[in-house]
1. Can you tell which of PRO69, PRO128 is farther than 18 Å from GLU33 by Cβ, free of Cβ contacts under 8 Å to residues at least 12 places away in the same chain, open to solvent by 70 Å² or more (accessible area, probe 1.4 Å) and under 14 Å from the mean Cα position of the chain (by Cα)?
2. Where in the stretch 19-114 are the helices (runs of 4 or more DSSP H), entirely inside, with at least 2 residues that are small (Gly, Ala, Ser)?
Amino acid sequence: MTIKTYTPEVIAAQPIGAWSGEAYRRVVGGLREQLAAEGLTQPHWWTLNHVAGRPGGWNRTTLTERLTPYDDQDTAFDTVFDDLIARGWLTEHADASLTLTDDGEAGRLRARDRNLRIHERTHEGIAPEDFVTTINVLRRMVANLGGNGNLPD
């Protein structure tokens with residue numbers, strides 16, 4: 001899609017909250033739509049990725065604590081964990097640790113491929129260095145307003 005060009009002065013006067021909010025709604029809406037095609041929500045996605053990244057390193061409590069700051073839907077994470085267990089995608093061991101099953105990893109990879117479509121659309125026409133600058137500017141704004149501008153661990 002072609003967008004109009006404006007002077008730097010006009011762009012500098014734009015409300016960051018309106019534009020960042022619209023970007024958030026578009027990006028997250030697209031991701032949620034793609035995940036829904038797999039019968040997943042964002043909290044399912046976050047769970048699958050965290051457990052895949054640290055098999056056996058999470059339990060319900062530690063994973064809920066990790067994911068809650070990113071949740072804007074008041075998710076009952078135990079329900080998400082129980083759903084993934086019922087699907088046969090997640091296993092909870094006797095020591096309470098969580099691991100993905102082969103089906104869980106296959107589902108995670110399908111969801112990842114769906115999310116990559118949104119990622120690619122989001123980045124169309126944007127030079128990598130411009131994207132990096134944008135993220136760094138947003139990080140600085142978050143930090144300036146008292147938030148954590150660091151990348152998640």
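1. Values: PRO128 fails: under 14 Å from the mean Cα position of the chain (by Cα).
Unique residue meeting the criteria: PRO69.
2. Fully inside the stretch 19-114 and qualifying: 42-53.
Condition check ((1) free of Cβ contacts under 8 Å to residues at least 24 places away in the same chain; (2) open to solvent by less than 50 Å² (accessible area, probe 1.4 Å); (3) out of contact with any Phe, Trp or Tyr (no Cβ under 8 Å at 6 or more places or on another chain)) across all residues:
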{"residue": "ALA12", "(1), (2), (3)": "yes, no, yes"}
{"residue": "TRP19", "(1), (2), (3)": "yes, no, yes"}
{"residue": "ARG25", "(1), (2), (3)": "yes, no, yes"}
{"residue": "VAL28", "(1), (2), (3)": "yes, yes, yes"}
{"residue": "LEU35", "(1), (2), (3)": "no, yes, no"}
{"residue": "GLU38", "(1), (2), (3)": "no, yes, yes"}
{"residue": "VAL51", "(1), (2), (3)": "no, yes, no"}
{"residue": "TRP58", "(1), (2), (3)": "no, yes, yes"}
{"residue": "ALA76", "(1), (2), (3)": "yes, no, yes"}
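The values are calculated or read from the model by the stated rules, or taken from the named source; none is laboratory data. If you're wondering where the values come from, they're calculated on a predicted model, not measured in any experiment. We place every Cβ from the backbone using ideal geometry, glycine too, and count neighbours over all the protein chains shown. We work out accessible area using only protein heavy atoms, side chains counted, and drop any ligands, DNA or RNA first. Shrake-Rupley method; radii C 1.70, N 1.55, O 1.52, S 1.80 Å.
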